[in-house]
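Step one of this worksheet: look at the structure below.
The values are calculated or read from the model by the stated rules, or taken from the named source; none is laboratory data. None of the values given here were measured: they were computed from a predicted structure. No Cβ is skipped: glycine too gets one built from the backbone with ideal geometry, and neighbour counts run over all protein chains shown.
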Amino acid sequence: METLLGKTLVELQEVALSVGLQKFAGKQLAEWLYVRRVTDFDEMTNISLKGREALKARYVVGRHAPEREAVSVDGTRKYLFEVKSQESRAESQFVESVYIPEEDRATLCVSTQAGCKMGCRFCMTGTLGFHGHLSAAEILNQIFEIDQLAISNQQSPLSNIVFMGEGEPMDNIDNVLRALEIMTADYGCAWSPKRITVSTVGIPAMKRFLDESECHLAVSMHNPFPAERATIMPAERLMSITDVVALLKQYDWSHQRRVSFEYICWAGQNDTPRHAKELLRLLKGLNCRINLIRFHEGVEEVKSQEPRAERHFPASNEKQMEWFRDYLTEHGLTTTIRKSRGEDILAACGMLVNALNS
């Protein structure tokens, strides 16, 4: 049966009419789904019993709890979700989401695809291959279920969402934009777009995101030289980092909306003065920031068929990362070193390989 979760207000109004309800019942459905976040039609008490029965005959709400959970020593929690079969998937798959609590906030890292097709050589998630797009319902389900669990566990409710889990969000742009609309619309969750960040390696569909959403953007750069970047990120051949930056410079980033660049540091490969100077040249005139990320050396072989010697990604040491940060900041490019969370449960950046399903 068809899922109601993930439908826009206009679509919910069409659903209401299709089962014999008045058009205004579409707004009632939206409130039950996205504000009150019910999981059963019987909880929709301002919809007639006849209407609820008609809905049950044709639709399901679309909510389901995670299959498993792992808890890190630092408090990070990773959840495994089953995503049901669709036309784009031959069979059910699994994805992981990560809840990251901090003193005054809680961030959720959500997945947008089962696996990933971008093939970045340093990313463990890429070793899974690609197994299909997640629907807007499957994206929203991660958010609603984990938020509910956090509240039930007397933890902080979600304050921020980052689309940085499994998959390339811009490769699933229709469903991602639909989920973002529901999260930010008045009829939906009414979140500020400034509480949501969407990541990308940089592909042409990024322009739709820039034009149709007001959420923050994070670009996975990792090397400012196109030829060098292409050896570790095949997507460079689809849209060069120079073209990505040129596109971003056409937009206004001087107000609340932000663009940042994610930059994993490898010793001698992208943390040198030459790379720092090229970053400054490439990003000159763009109001942005750089987030330096520690590489999780020693775990890159998990679920990978490629021998470690051939992967050859030695992590930068702390002293070099601090130099890189300070050099860029002193020359006008705000740069921070991002704190790593959940490494012990394979929940840190690039480590989602559905290990909970093993």
*Cβ-Cβ below 8 Å, separation at least six or inter-chain, first residue in segment 226-246 and under 15 Å from CYS123 (Cα atoms), second β-branched (Val, Ile, Thr): which pairs?*
ARG229/ILE241; MET233/VAL201; ALA235/VAL201; ALA235/ILE203
_Enumeration of residues in segment 168-188 that are under 11 Å from VAL198 (Cα atoms) and not in a helix (DSSP H, G or I)_ = GLU168
_Taking the condition of being farther than 23 Å from LEU140 by Cβ and either among the small types (Gly, Ala, Ser) or in a helix (DSSP H, G or I) (or both), how many residues in segment 58-84 meet it?_
2
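For ASP252, state whether it is surrounded by fewer than 16 Cβ atoms within 10 Å (Cβ to Cβ), free of Cβ contacts under 8 Å to residues at least 40 places away in the same chain, part of a helix (DSSP H, G or I) and charged (D, E, K, R).
Criteria not met by ASP252.
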*Yes or no: ALA106 of a type outside the set (Ser, Thr, Tyr), under 18 Å from LEU158 (Cα atoms), surrounded by 16 or more Cβ atoms within 10 Å (Cβ to Cβ) and modelled with pLDDT of 95 or more?*
yes
*Just wondering, is there one or more residues in segment 129-148 that are in the same structural domain as TYR251 (by TED's automatic domain parsing) and over 25 Å from LYS7 (Cβ atoms)?*
yes
*Give me the pairs, please: first residue somewhere in segment 127-143 and over 19 Å from ARG77 (Cα atoms), second residue anywhere and of a type in the set (Lys, Arg) and surrounded by 23 or more Cβ atoms within 10 Å (Cβ to Cβ), beta-carbon distance under 9 Å, and either six or more positions apart or on two chains.*
ALA136/LYS7; ALA137/LYS7
*Yes/no for ILE290 being in the same structural domain as ASP252 (by TED's automatic domain parsing), surrounded by fewer than 20 Cβ atoms within 10 Å (Cβ to Cβ), of a type in the set (A, V, I, L, M, F, W, C) and modelled with pLDDT of 70 or more*: no
*Residue list for segment 110-157, restricted to those being under 23 Å from GLU343 (Cβ atoms), part of a loop (DSSP other than H, G, I, E, B) and of a type in the set (A, V, I, L, M)*: VAL110, MET118, MET124
_Options ARG258, ARG208; residue that is surrounded by fewer than 19 Cβ atoms within 10 Å (Cβ to Cβ), closer than 29 Å to THR127 by Cβ and within 18 Å of the chain's Cα centre (by Cα)_ = ARG208
*asked:* With of a type in the set (A, V, I, L, M, F, W, C) and out of contact with any Gly (no Cβ under 8 Å at 6 or more places or on another chain) as the only criterion, which of ILE241, ILE290 stands out?
replied: ILE290
